[in-house]
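This report concerns only the one structure given below.
Read-outs: derived from the displayed coordinates by stated rules, not from any lab. These numbers come from a predicted model, not from an experiment. Counting neighbours? That spans all protein chains shown, and the Cβs are built from the backbone with ideal geometry, glycine included.
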Amino acid sequence: MKTALEDIPTPCYVVDEAALEKNLRVLDSVQRRTGCKIIMALKGFAMFSVFPLIREYLHGVTASSLDEAQLGFREFGGEVHVFAPAYRESEFDELLGYTHHLVFNSFSQWNRYKGWVARSGRNIACGMRVNPEHSEVSVPLYDPCGPFSRLGVTRANFEADNLQGLSGLHFHTLCELNADSLARTLPVFEEKFGEFLQGMQWVNFGGGHHITRQDYDVDLLCRLIDDFKRRYPVEVYLEPGEAIALNTGVLVASVLDIVHNGMDIAILDTSAAAHMPDVLEMPYRPEIDGAGKPGDYPYTYRLGGMTCLAGDIIGDYSFSEPLSVGSRIVLLDMAHYTMVKNNTFNGVRLPSIAIRDRSGAVRVIRQFGYEDYRNRLS
Ligand SMILES: Cc1ncc(COP(=O)(O)O)c(C=O)c1O
């Protein structure tokens, strides 16, 4: 079914192929200039209908679980990297069947599983995640280098005599950050772990590189990778999630009712808690097409979700025209960390998923129903 954006059933995520390809071209320019490999973090974006397009540019995916690894293996192809804070014995053999690069979070996990990897007879590149203990992220929820972090081996716990069989190191320290953050991280990583790169084949600089953001310093990123590769003759991987899908999709919602309690409040057919959980978790205020901050335009509303959670609030926005039942609200930049994180709290139905192709036509490719809610319960 081909329709225009104004006619789709709401709520609906709509991902724009042209915007996605624009991001992929920027990422590919980094690959071409530096020879690094960029893989997509499925935790941020896993809309498999657009994997064929992404595969034209990126080398593979990185997964955080057995199911993500299986999705990457079956639907994306290319290299499947996996990192998880800990692996389960009951899943490990199956996981090995999907994996090309396997990153461990501790030497105890490495000791537990290195025999399994060897016995599998598969050519799997194993690596260790390290924690340079250098914080660039100001929000503690997203800082893997904060005090008592469980993510990555610190220098004090690094077992220099237990590297046999490991071919690479991995660090992930950034979140929505520019290349200057990487520039400050790399010297700390090198000072603490550079000596162990002798004889290793690859280093993974993790995700959190906001490469496709307008003000991102791509030249600096390329210089940093080039210089690093001059110092260490290794393959460099980047594994962003957000940068692939940044500004490529919207969530279209409709107003269901307008109530008044000290201010005008519009209740939408979507939910911050269920359909855009980062709005509450991060927290942040999503941009809305044609809307401003309270008072920017004559009609200000609090936009709330359709769950019973008192705090299911998207934010306060102003509009040039009054809202009424049926008005459409287009929430911007809703492709990443939404579909992969949403939930059916209150039994609220998941938003449909649509693609806008290069002609501007919108095709709804997935709709959800009662069975999707029921299948998560027993
Ligand atoms: C290990 C690892 N790699 C990659 C990513 C992707 O990060 P982003 O989507 O911010 O680029 C994350 C995000 O949490 C991560 O934990």
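Points 7 angstrom from Cα along the Cβ direction at Arg231 and Glu17: gap in nanometres?
Result for the modelled spin labels: 4.3 nm.
Given Cα pairs under 8 Å that are at least 6 residues apart, what percent is the relative contact order of segment 35-245?
Rounded, it is 21 percent for segment 35-245.
Restricting to bridges with both residues inside segment 35-245, how much of the DSSP beta-bridge set is antiparallel, in percent to the nearest 5?
Beta bridges within segment 35-245, antiparallel portion: roughly 0 percent.
Net charge near Ser271, counting Lys/Arg +1 and Asp/Glu -1 over other residues with Cβ under 11 Å of its Cβ?
-1
Dipole of the chain (Lys/Arg Cβ +1, Asp/Glu Cβ -1, origin at the Cα centre): which of Leu331, Met263, Asn375 lies farthest to the positive side?
Asn375
Of the DSSP beta bridges with both residues in segment 263-378, give the percent that are antiparallel, rounding to the nearest 5.
Looking only at bridges with both residues in segment 263-378, the antiparallel portion is about 80 percent.
When the helices in the chain are scored as -39500 (n - 2.57) per DSSP H run of 4 or longer and the sum is shared across all residues, what 222 nm value do you end up with, to the nearest 500 deg cm²/dmol?
That comes out to -7500 deg cm²/dmol.
Projected onto the charge dipole of the chain (+1 at Lys/Arg Cβ, -1 at Asp/Glu Cβ, origin at the Cα centre), which of Leu303, Gly315, Gly249 gives the Cα projection farthest towards the positive end?
Comparing the listed Cα positions along the dipole, Gly249 ranks first.
Dipole magnitude of segment 1-143 about its Cα centre, charges +1 at Lys/Arg Cβ and -1 at Asp/Glu Cβ only, in debye to the nearest 20?
Here the size comes out at about 620 debye.
First obtain the Kirkwood hydrodynamic radius of the chain from its Cα pairs, then insert it into the Stokes-Einstein equation at 25 °C and 0.890 mPa s, and state the resulting D in µm² per second as a whole number.
Roughly 111 µm²/s, to the nearest whole number.
Can you tell me what share of the DSSP beta bridges in the chain is antiparallel? A percent to the nearest 5 is fine.
45
Past 27 Å, Cα to Cα, is the threshold; run Lys22/Lys293; Lys114/Lys192; Lys37/Lys114 against it and keep the listed order.
Lys22/Lys293
Quick check for me: using +1 on Lys/Arg Cβ and -1 on Asp/Glu Cβ, what's the dipole size of the chain about its Cα centre, in debye to the nearest 20?
860
Would you work out which of Ala19, Ser49, Ile8 lies farthest towards the positive end of the dipole of segment 1-114? Charges go on Cβ: Lys and Arg +1, Asp and Glu -1.
Ala19
Only Lys, Arg, Asp and Glu count, each charged at its Cβ (+1, +1, -1, -1), so figure out the dipole size of segment 35-245 about its Cα centre, rounded to 20 debye.
Dipole of segment 35-245, to the nearest 20 debye: 460 debye.
Just to be sure I understand the curve: with the Debye formula and one point per C-alpha of segment 1-90, what is log10 I(q)/I(0) at q = 0.19, 0.25 Å⁻¹?
-0.92, -1.24
In percent, what relative contact order does the chain have, based on Cα pairs under 8 Å that are 6 or more apart in sequence?
Relative contact order here is 20 percent.
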